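The values are calculated or read from the model by the stated rules, or taken from the named source; none is laboratory data. None of these values were measured; they are calculated from a predicted model. Methodologically, a virtual Cβ is constructed for each residue, glycine included, from the backbone with ideal geometry; neighbour enumeration extends over all protein chains shown. In case anyone asks, the SASA skips ligands and DNA or RNA and just uses the protein heavy atoms, side chains included. Shrake-Rupley method; radii C 1.70, N 1.55, O 1.52, S 1.80 Å.
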Amino acid sequence: MPLLPLPATLLLPAVLLACSAPFEGRTVKSAGANDSADGTTGDTDPAPPVDADGDGAAEAVDCDDADASVFPGAIEICDGLDQDCDGVADNGVPNDGAGCQDPGLPAATEVVQTLQFVLRTGTSTYAGSDSPAEVCASATDCWSADIADWDNFEAGNIDVLTVEGASLPRASIDRLTVHTLDGADQWSPIAFGMTLDGAPAVCADGLTVKIGSEAGEDKTWTSGLSLPCVTPWDAPLTLGPMLGAVDADAARIWYRADATRLVALRVADSESALQTAPVTHYGYPLVEHDFTDVVHVQGLAPETTYWYDLEIEGVRYGPWSLTTAPAPDAPARVRFGFGSCALNDDEPVFGAIAAWDPDVFLFVGDNHYGNTADRDAQRQYYRHAYNLALRRDVLHLASILSVWDDHDYAGNDLDGTAPGKEDALRVFQEYTANPSYGTADIPGIFSTHRYGPIEFFLLDDRYYRGLDDSVLGDAQEAWLYSALSASTATFKFLVSGSQFTAQGTGDSWAEWPTAQARLMSAIATIPGVVFLSGDVHHSELRLVPGVGYDVPELTSSPLARGSTGSCPNDSEIRSCYGSDAFIGVEVDTTLADPTLAVSIFDTVGSAKATWEIHRSELE
């Protein structure tokens with residue numbers, strides 16, 4: 001029987017029902033969603049991801065889609081931005097922790113607080129003078145040019161007088177006048193300079209004036225504010241660089257300029273790359289710090305050599321190199337040297353130190369013999385010492401750490417009651433580049449520094465001596481014991497200008513037997529402790545009786561004194577050498593039983609005594 005067509009009234013609902021049922025896995029779209037321009041309909045591909053800056057990275061993964069130089073995998077540069085989108089700005093590149101930005105020259109004020117005067121004497125035999133002098137910045141504002149506890153106006157010297165708290169209207173300062181007060185002893189200066197709150201105001205060099213009161217001499221030299229020369233020094237970079245505390249990922253670089261001017265530091269991973277490297281740090285050293293500055297370079301890799309230079313007034317100085325420390329707790333071989341008591345300008349021992357090539361060198365007190373707490377005199381002694389040729393080479397060859405003892409603190413055998421100790425601390429901080437100085441609540445020079453598998457505990461044996469019936473004072477002593485307990489270093493070196501042994505002199509820990517006993521008791525359960533000291537004008541290798549174990553004490557003295565010190569013969573002594581020397585220590589923690597290979601070296605680098613110490617003996 002033939003099929004008959006369904007009536008339209010029955011067919012239409014069936015068709016609508018079929019069209020309204022969605023297919024599995026398909027989204028129903030409203031009418032017109034896929035309509036094309038010509039009125040037809042059909043599905044299209046989803047919209048492409050947004051890449052507003054066209055750098056190839058979609059907005060979803062680009063941490064700054066408005067900057068084409070910023071995207072995952074981009075080359076990171078130091079500018080305070082996160083180019084590679086790893087969440088950390090300036091990560092993995094040398095940086096100063098502040099985005100490598102130029103803060104600009106400090107603005108001048110209408111009132112000048114600090115004036116600095118530079119008086120440079122000629123080098124001829126009779127150029128110097130013993131006559132007192134004064135300097136003036138106006139017709140009425142004058143100051144004595146004589147620095148306390150310093151031999152002023154000597155041939156070849158550059159004397160620097162700093163006047164703080166002057167509070168002079170800038171408009172009132174109109175000259176630099178240098179005037180002899182009696183003129184009895186002729187003086188032949190070759191350059192003068194004056195800065196106002198750090199800014200150069202007067203520079204005069206190539207002088208031929210004879211200052212005195214005899215015929216043909218002038219009692220007064222004067223100049224208006226003018227700058228016909230750049231600097232009265234040999235160059236705007238007056239000292240440095242000095243390499244300070246070096247870590248596995250960072251290093252401190254110290255320098256001194258002649259004024260508050262732009263100093264650009266560049267750092268690169270090769271000498272060739274340094275030529276086109278961007279600036280790592282823009283510095284404007286301040287007169288408040290005697291134009292010294294320390295740059296904390298970060299973003300470095302462990303056990304890696306970097307190159308750096310300094311640019312001032314368009315001239316690039318350097319290059320120099322530095323090598324970072326091994327990673328903490330990683331087995332490693334490192335070497336360090338140390339010494340104390342540098343009295344003489346003739347310092348051949350520093351040639352031997354440079355040849356031995358230590359990773360770290362520690363100045364362990366009496367680093368100069370100023371015997372003064374006068375601020376300007378302290379600065380003079382540091383500048384003089386740092387400019388001695390052989391020492392100057394070592395300052396940028398090795399990572400330099402420092403503590404003081406009496407002669408570079410405030411004076412012979414002085415303690416925590418010494419007047420002017422605050423100024424001594426201020427200058428010590430200006431002229432060293434240790435990792436830190438004291439704590440926020442406890443002033444002083446003490447700190448700790450980890451270098452690969454070893455740690456140095458730099459102690460302040462003067463600032464608090466005698467105040468709490470001890471060498472360190474109660475607060476520093478508590479800090480030390482806490483820091484020692486927290487240390488994971490294989491070897492822990494306690495560094496003091498004065499000796500630790502109870503057999504020491506009256507200017508040592510032996511003078512404070514209760515404090516010395518507390519120290520020995522505290523380290524009884526702390527393995528790997530070794531004492532480093534100086535002061536006594538001979539070098540010793542001794543074993544100090546302990547509570548838990550006997551503690552080696554290595555005493556290195558003098559670096560440059562020229563006299564032979566007598567050696568003691570007590571039962572702790574293993575070796576002694578009585579002339580100029582330094583001690584070198586080679587550390588090897590790659591061995592199953594880590595070792596210290598200790599040597600006393602003379603001024604030509606010959607070993608005069610040796611001692612091998614095993615870690616297993618120090619627990």
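Descriptive notes on the structure:
- Whole-percent carbon and sulfur share, accessible surface of the range 512-619, 1.4 Å: 47
- Scanning the chain for chymotrypsin sites (Phe, Trp or Tyr not before Pro) in DSSP loops with at most 14 neighbouring Cβ atoms within 10 Å leaves 127-619 as the longest stretch between them.
- Span from the the range 541-619 Cα centroid across to the the range 94-172 one, whole angstrom: 44
- Sulfur and carbon atoms: percent of accessible area, the range 117-194 [1.4 Å]: 49
- The label-point distance for Ala66 and His289, in a model that sets each label 7 Å from Cα toward Cβ, rounds to 3.5 nm.
- For GluC sites (Glu not before Pro), no site in the range 507-556 is both called loop by DSSP and has at most 10 other Cβ atoms within 10 Å.
- Convex hull volume of the C-alpha atoms in the range 230-317, normalised per residue: 90 Å³.
- For Ser272, Ser167, the ranking by accessible surface with the largest value first comes to Ser272, Ser167, using a 1.4 Å probe.
- Candidates Ser566, Ala264, His449 compared by Cα position along the dipole of the chain: farthest toward the positive end lies Ser566, with charges placed on Cβ.
- Label-to-label distance for Glu619 and Glu313 is 5.8 nm, based on points extended 7 Å past Cα in the beta-carbon direction.
- A simple spin-label model places the labels of Ala215 and Thr305 6.5 nm from each other, with each point 7 Å out along Cα-to-Cβ.
- Extension gain (nm, one decimal) between Ser226 and Asp345, 0.36 nm per residue minus Cα-Cα: 39.3 nm
- Using a cutoff of 8 angstrom between alpha carbon atoms and counting only pairs six or more residues apart, the relative contact order for the chain works out to 9 percent.
- In the range 309-390, the portion of solvent-accessible area held by carbon and sulfur atoms comes to 48 percent [1.4 Å probe, whole percent, DNA, RNA and ligands not counted].
- With a cut-off of 19 Å on the backbone N, the residues of the range 601-619 near the modelled label site 7 Å out from Ala592 along Cα-Cβ are 613-619.
- When the charge dipole of the range 204-347 is built from unit charges on Cβ atoms (+1 for Lys and Arg, -1 for Asp and Glu) and taken about the Cα centre, the candidate among Gly283, Leu207, Ser340 whose Cα reaches farthest toward its positive end is Gly283.
- The range 418-503: Rg to Rh, with Rh as the Kirkwood radius over Cα pairs: 0.96
- Estimated from helical segments only, the mean residue ellipticity of the chain at 222 nm is -3500 deg cm²/dmol, where each DSSP H run of four or more residues counts as -39500 (n - 2.57).
- Label point of Arg333 set 7 angstrom out along Cα-Cβ; within the range 356-383, amide nitrogens under 17 Å from it belong to 356-360.
- Average accessible surface for the chain: 42 Å² per residue, computed with a 1.4 Å probe over protein heavy atoms with every protein chain in place.
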